[in-house]
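The structure is given below, and queries will be raised subsequently.
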Amino acid sequence: MSLAASALTIDGRLTDASALLERGRITAICGPNGAGKSTLIEALAGLLAPDAGTVTLDRVDLSQLPGRERAKRIGYLPQTHEIAWDVPVRNLVELGRMPHADRNAAPVDAALRALDIAHLAERRAQSLSGGETARVLLARVLAGEPEWILADEPLAALDIAHQLALLAHLRAAATVGKGIVLVLHDLAHAMNHADRVIVLDQGRVAADGLPSEALSAATIETVWKTGVQWIEHDGWRALVTAPRVPSS
Amino acid sequence: MNRASLIFAALLLVAFPLSLLAGRVWLDPATTPNAALILAELRLPRAVLAIVVGGGLGAAGAAMQGYLRNPLADPGLFGIAPGAALGAVTALWFGYSASAWLLPLLALLGAGGAMALLAAIAGRTGGIALFTLAGLMVASLAGALTALAISMAPNAFAMSEIVLWLNGALTDRSWREVAIASPLVALGIALLWRSGHALDALTLGEPVARSLGIDTRALLWLLIAGVGLTVGASVAVAGIIGFVGLIVPHLVRPFTDNRPSQLVLPSALAGALLVLVADSIVRILPLVTELRLGIALSLLGAPFFLWLLLRMRRGLA
């Protein structure tokens with residue numbers, strides 16, 4: 001029940017990156033801009049052929065798995081919110097059923113309800129706000145009922161209330177055994193909501209472990225080159241940044 | 001069959017008998033001399049061919065717009081129509097225009113050559129940008145060779161024949177052209193129709209389509225074959241008839257829910273309707289020589305394209 005990247009090297013964007021991901025957990029991938037986060041999650045989704053190394057799903061090489069089989073088990077949400085045609089929301093969410101080649105309404109309705117967008121089902125895509133679009137696109141992933149949900153910056157376009165609602169929903173999915181892998185820019189979200197954090201720096205894995213270890217102030221200082229401090233309140237942690245004074 | 005298909009099928013059923021009667025001479029089955037012969041040997045094959053050609057061009061346009069996720073895509077841009085035209089021009093250049101099968105055969109070979117070139121350049125990776133650029137290059141190469149053939153025509157007669165032929169028409173077509181084009185166009189439309197669900201997935205971009213299990217390379221091959229058969233066969237029997245593939249999907253889209261898969265079949269029907277009606281109109285127009293169908297549709301298509309650009313500009317502004 002694992003998704004594993006071993007010694008991945010991809011075109012200068014990832015170098016010798018390994019990670020063993022387990023179901024039932026939320027794993028966050030963090031790192032500065034250009035660190036290779038999107039490349040890693042695309043490779044884990046089976047969308048990029050590595051120059052070296054392999055991605056395996058339950059010990060089977062992902063590149064050997066038929067496309068539809070892979071699609072049934074791994075749902076992928078990219079960072080960009082491209083919707084080319086002004087189609088109804090329900091049809092967009094139904095695209096998630098494509099690997100199953102069915103029109104099962106139950107998972108589509110469940111996904112619409114889970115993301116609080118059932119009332120938008122008959123609306124057209126181009127009439128939605130940015131936050132609504134983000135939720136519709138995630139609902140498309142949920143409708144496919146994959147074992148793994150790989151999402152690149154799923155919180156970026158959401159307001160704080162919807163961010164927390166979405167994280168709660170992903171937690172519930174992890175609790176029932178799904179593997180959740182998220183690229184997150186917001187380190188406090190990663191610290192508070194992930195079970196595990198992988199920090200990438202210039203295409204290499206710089207840290208991998210519990211959030212409190214992988215996102216320690218010292219690691220952040222090294223990787224992001226910014227002085228920070230975590231402050232704790234009621235078991236939640238917040239990040240305070242301290243601008244670095246240029247040393248003379 | 002969706003609502004748009006039903007609407008355009010019904011309109012086609014009305015237009016078809018009317019187009020049989022329409023012409024410089026309006027046919028009255030009771031009084032016109034040789035009415036049965038005119039109908040069976042002139043009007044009927046011409047009307048059927050209009051439906052075949054229009055259907056193929058409409059479906060090809062809908063599929064290409066879906067694939068490129070761009071409402072301004074026209075199947076003529078991707079080298080297949082110019083390739084077929086080059087084949088036909090070659091036949092005319094060598095004076096084979098009188099040979100019944102040679103011109104369409106060479107045109108089909110030209111379309112096949114353009115398809116093979118497209119597949120060789122872009123088929124391995126399946127990328128949209130590479131496919132578009134490859135198509136544009138094939139189109140301009142075939143266009144340049146066609147222009148070369150015109151400028152070096154062996155005699156004035158061949159030159160005028162080539163120029164006339166390039167402005168497509170359905171004048172004096174017979175059951176022979178119907179027999180050549182219909183099986184190829186039917187197969188092509190079937191392939192394009194089959195690509196529908198993959199085109200729907202592409203609505204969310206290429207990475208998502210691939211994550212949904214779509215083989216984008218297989219899709220590209222399917223589209224090259226589908227567009228090659230429909231457009232290649234159309235050009236082989238009727239010459240270049242532009243703008244149908246561009247206009248028709250736009251006319252049809254408001255009758256659908258905008259999903260590319262829902263557009264292919266009604267666009268085939270609407271394309272058939274458009275070419276059938278346009279061809280009837282050029283027959284009725286009181287001109288000394290019949291207005292070429294290709295010219296008539298371009299006269300209609302260019303202003304439509306401008307209107308489309310203006311509307312899009314307003315939408316983007």
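The values are calculated or read from the model by the stated rules, or taken from the named source; none is laboratory data. All of these numbers come straight from a predicted model, not from anything done at the bench. With ideal geometry, Cβ positions are generated from the backbone for all residues, glycine too; neighbour counts draw on all protein chains shown. Ligands, DNA and RNA are stripped out before the accessible areas are found, and what is left, the full protein with its side chains, is counted by its heavy atoms. Shrake-Rupley method; radii C 1.70, N 1.55, O 1.52, S 1.80 Å.
If you check A:LEU239, A:LEU210, which single one turns out to be of a type in the set (A, V, I, L, M) and at pLDDT 95 or above?
After ruling out the rest, the residue left standing is A:LEU210.
The rows are residues; the columns are (1) crowded, with 24+ Cβ neighbours inside 10 Å; (2) part of a helix (DSSP H, G or I); (3) not β-branched (Val, Ile, Thr).
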{"site": "B:VAL25", "(1), (2), (3)": "no, no, no"}
{"site": "B:PRO33", "(1), (2), (3)": "no, no, yes"}
{"site": "B:ILE51", "(1), (2), (3)": "yes, yes, no"}
{"site": "B:ALA63", "(1), (2), (3)": "yes, yes, yes"}
{"site": "B:GLY66", "(1), (2), (3)": "yes, yes, yes"}
{"site": "B:ALA73", "(1), (2), (3)": "no, no, yes"}
{"site": "B:LEU77", "(1), (2), (3)": "no, yes, yes"}
{"site": "B:ALA81", "(1), (2), (3)": "yes, yes, yes"}
{"site": "B:GLY87", "(1), (2), (3)": "yes, yes, yes"}
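Within the set of pairs 6 or more residues apart or between chains, which connect a residue that is open to solvent by 60 Å² or more (accessible area, probe 1.4 Å) inside segment B:127-145 to a residue that is modelled with pLDDT under 90 and not in a helix (DSSP H, G or I) with Cβ atoms less than 9 Å apart?
Matching pairs, first to second residue: B:LEU136/B:GLY79; B:MET137/B:GLY79; B:SER140/B:GLY79; B:LEU141/B:GLY79.
What is the number of the single condition among (1) hydrophobic (A, V, I, L, M, F, W, C); (2) within 26 Å of B:ALA114 (Cβ to Cβ); (3) over 21 Å from the mean Cα position of the chain (by Cα) that B:ALA201 does not meet?
Going through (1) hydrophobic (A, V, I, L, M, F, W, C); (2) within 26 Å of B:ALA114 (Cβ to Cβ); (3) over 21 Å from the mean Cα position of the chain (by Cα) one by one, B:ALA201 breaks only (2).
If you don't mind, another one. What number goes with the only condition from (1) closer than 23 Å to A:MET191 by Cβ; (2) surrounded by fewer than 22 Cβ atoms within 10 Å (Cβ to Cβ); (3) among the hydrophobic types (A, V, I, L, M, F, W, C) that A:VAL60 does not pass?
Just one mismatch for A:VAL60, condition (1).
Between B:ALA120, B:ALA116, B:ALA149, which is outside any loop (DSSP other than H, G, I, E, B) and either over 30 Å from B:VAL208 (Cα atoms) or among the basic types (Lys, Arg) (or both)?
B:ALA149
Modelled with pLDDT under 95, among the acidic types (Asp, Glu) and surrounded by 17 or more Cβ atoms within 10 Å (Cβ to Cβ): does that describe A:GLU122?
No; evaluated as a whole, the condition is false for this residue.
Look through segment A:8-54, keep the residues that are open to solvent by 60 Å² or more (accessible area, probe 1.4 Å) and at positive phi, and return whichever of them is farthest from the other protein chains (Cβ to nearest Cβ).
A:ASP16
So which residues in segment A:71-96 are in a helix (DSSP H, G or I) and either at the interface with chain B (Cβ under 7 Å from one of its Cβ atoms) or open to solvent by less than 20 Å² (accessible area, probe 1.4 Å) (or both)?
Answer for segment A:71-96, where residues must be in a helix (DSSP H, G or I) and either at the interface with chain B (Cβ under 7 Å from one of its Cβ atoms) or open to solvent by less than 20 Å² (accessible area, probe 1.4 Å) (or both): A:ALA71, A:VAL89, A:ASN91, A:LEU92, A:VAL93, A:LEU95, A:GLY96.
Of these, A:ASP152, A:ASP116, which one is charged (D, E, K, R) and open to solvent by 10 Å² or more (accessible area, probe 1.4 Å)?
A:ASP116
On to the next question. Among the candidates A:ARG68, A:ARG103, which residue alone is open to solvent by 70 Å² or more (accessible area, probe 1.4 Å), within 9 Å of chain B (Cβ to nearest Cβ) and more than 22 Å from B:ASN70 (Cβ to Cβ)?
From the options A:ARG68, A:ARG103, the qualifying one is A:ARG68.
Please state which of the following conditions B:ILE121 fails to meet, knowing it meets all the rest: (1) touching an Asp or Glu at 6+ places or on another chain (Cβ under 8 Å); (2) open to solvent by 50 Å² or more (accessible area, probe 1.4 Å).
The single condition B:ILE121 does not satisfy is (1).
Among the residues of segment B:51-102, count how many are in contact (Cβ under 8 Å) with a residue 12 or more places away in the chain, of a type in the set (S, T, N, Q) and farther than 19 Å from B:GLY242 by Cβ.
Total satisfying the criteria: 2.
Next up: Quick one: B:ARG210 ticks every box in (1) modelled with pLDDT under 90; (2) touching a helix residue (DSSP H, G or I) at 6+ places or on another chain (Cβ under 8 Å); (3) open to solvent by 30 Å² or more (accessible area, probe 1.4 Å); (4) assigned to a helix (DSSP H, G or I) bar one, so which box is it?
Here B:ARG210 clears every test but (1).
Take B:GLY232 and decide whether it is away from chain A (no Cβ under 14 Å), open to solvent by less than 10 Å² (accessible area, probe 1.4 Å), touching a residue at least 40 places away in the same chain (Cβ under 8 Å) and within 30 Å of B:GLY168 (Cβ to Cβ).
The answer is yes for B:GLY232.
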